1. Just grab the label-to-label distance for SER50 and LYS476, each label 7 Å out from Cα along the Cβ direction, in nm (one decimal).
2. Taking K and R as +1 and D and E as -1, what net charge do the other residues with C-beta under 10 Å from the C-beta of CYS206 add up to?
3. So if R0 is 56 Å, what FRET efficiency would ASP300 and GLU224 give, r being the distance between their Cβ atoms, rounded to the nearest 0.05?
4. With a 1.4 Å probe and all protein chains left in place, how much accessible area per residue does the chain have, in Å²?
5. Loop-only trypsin sites (Lys or Arg not before Pro) in segment 121-228, please: DSSP not H, G, I, E or B, and at most 13 other Cβ atoms within 10 Å.
6. Suppose R0 equals 30 Å. What FRET efficiency, 1/(1 + (r/R0)^6) with r the Cβ-Cβ distance, do GLU59 and GLU132 give to the nearest 0.05?
7. Accessible area of TYR148, 1.4 Å probe, to the nearest 10 Å²?
8. Figure the gain on full extension for GLU506 and ARG487 (residue separation times 0.36 nm, minus the Cα-Cα span) and round it to one decimal in nm.
Amino acid sequence: MTTTEGALRASEIKKALLEQIDRYEEQLQVEEVGEVLEVKDGVARIWGLSSAVANEMLEITSQDTGQMVVGLASNLEEDNIGAVILGDYLALKEGDAVRRTGRVLSVPVGPATLGRVVDALGQPRDARGPIEADTYMKVDRVAPGIVYRQPVDQPMQTGIKAIDSMIPIGRGQRELIIGDRGTGKTAVALDAIINQKGQDVICVYCAIGQKGSTVAGIAEKLREEGAMDYTVIVAANASDPAPMQFMSPYGACAIGEYFTYHEGKDVLVIYDDLSKQADAYREASLILRRPPGREAYPGDVFYLHSRLLERAAKISDDPAVVESHPDIHKAGGSLTALPIIQTQAGDVSAYIPTNVISITDGQIFLETDLFFSGVRPAVNVGLSVSRVGGNAQIKAMKKVAGRLRLDLAQFRALEAFAQFGTELDAATQSQLDRGERVVEILKQGQYEPVPVEEQVMVIFAATQGYLDGLDVAVIKEWESGFLEYMRSSHDAVGAAIRDEGEISDETDAALRKAIEDYANLGPSAEAMAS
């Protein structure tokens, strides 16, 4: 073969190759693949993904089993990435391949999630099959600005007399439930969920760091009460890796935001509890070698909670305002947050409790001494407050609750004094007697939420002195009998309070007459007459 023929053939080959490359250029893809350097306690060090962005989802494939695990790019360092593993990190080891997804962490959302128990990534945990969801929402997003909000002015009734009367919660509010272990914090939250039945409110319960059996029991109880039809449970159990535990509240919030932003509904989200989330975040942060600060928490632990709780909002009901927001598709919805914090020996001045108290719009403080003395729910009225809920309280409740709080405050002040055994004058003894009956009327069993109109009627009777002559031991019996009597014989009184939201002169007169009639007809007529 001559030199000319060789050159000719080489040029033909070159031309053919260029044509092939041009023809299949659209099929060519460049994929950035990294490699796991080390894995320990739910955190992986990854080399080779220089273009990854913060909070980007990474796909890590086990070279032994082929299992794919999701990672979240957290620390972007000069020569490697620190990623938290949202899944079974024990399946991974050094040398496993890591690929970028180009997407930030998102969860499936929509009506298909209702009635389901899911994990922090929105994957089912209830053995009821896959969740058919077409929409995904970012787990971590910026809260809507003040332009897109409106003042809190609608009540979020919990069905608990002590809370709805003295520490009212409004739709769009952030109200902290705080107290020691075993003081009924979860019970308050579950009663609030059960009370939303028929109220067109979507509920999301986020269980963080709890036993799987506990979560299963909560799901079963909500199902018995018919509350799972409008509830989603997001569970990151104690056996799950720390990253799953600290990411689960964000996933729960995103699931709730779908109904607020896309359907304009009112949503109640409960985070149970953020103390365990902070502990899980501290664990992951220390393994990522982030500098520890006070009590070994990282410096951004305040931001961890604030960027979550700031997402609670009452969205503007003006469509012209919200149409400029890229995520809000329907005006008028709300997202109410009830975070739970566990204290140690009632110390509300510790680091995490003070952080969350400063972020929220008030707190419901549950006291151990009250709980064990039989006052349940064990609400400490002196340390509990709702800074914006008063605007959402119905006028009828506001009218009767002002006197209630005064009676209770006077009782608590005199109670300690009376323990010295000093002889008391008639006026002081009268205040003590009234306070004892007010405390008794505010006691309430778990899973027994009370409609707001019935709360108003019972509290009205207590604060107006109709129970002063009644023995404390029979007050609960009187209450149940009185409410049954009102439902059967004076239903119009409750309907007027419920529909009008206030106690008119006619309703006031009818309620007083009904209480007096029941005193003569009820089982405690003799005690009332005396």
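1. With each label point 7 Å from Cα toward Cβ, the separation is 7.1 nm.
2. Values: positive: none; negative: ASP272, ASP273.
Cβ neighbours under 10 Å give a net charge of -2.
3. Working: r = 41 Å, r/R0 = 0.73.
Efficiency, rounded to the nearest 0.05: 0.85.
4. 45 Å²
5. Qualifying residues, ordered by number: ARG128, ARG181, LYS211.
6. 0.85
7. Accessible area, nearest 10 Å²: 40 Å².
8. Full-extension gain reported as 5.0 nm.
The values are calculated or read from the model by the stated rules, or taken from the named source; none is laboratory data. In this text, all values refer to a predicted model and were calculated from it rather than measured experimentally. In this analysis, Cβ positions are derived from the backbone assuming ideal geometry, glycine residues included, and neighbour counts consider all displayed protein chains. Please note that ligands, DNA and RNA were not included when accessible areas were found on the heavy atoms of the full protein model with its side chains. Shrake-Rupley method; radii C 1.70, N 1.55, O 1.52, S 1.80 Å.
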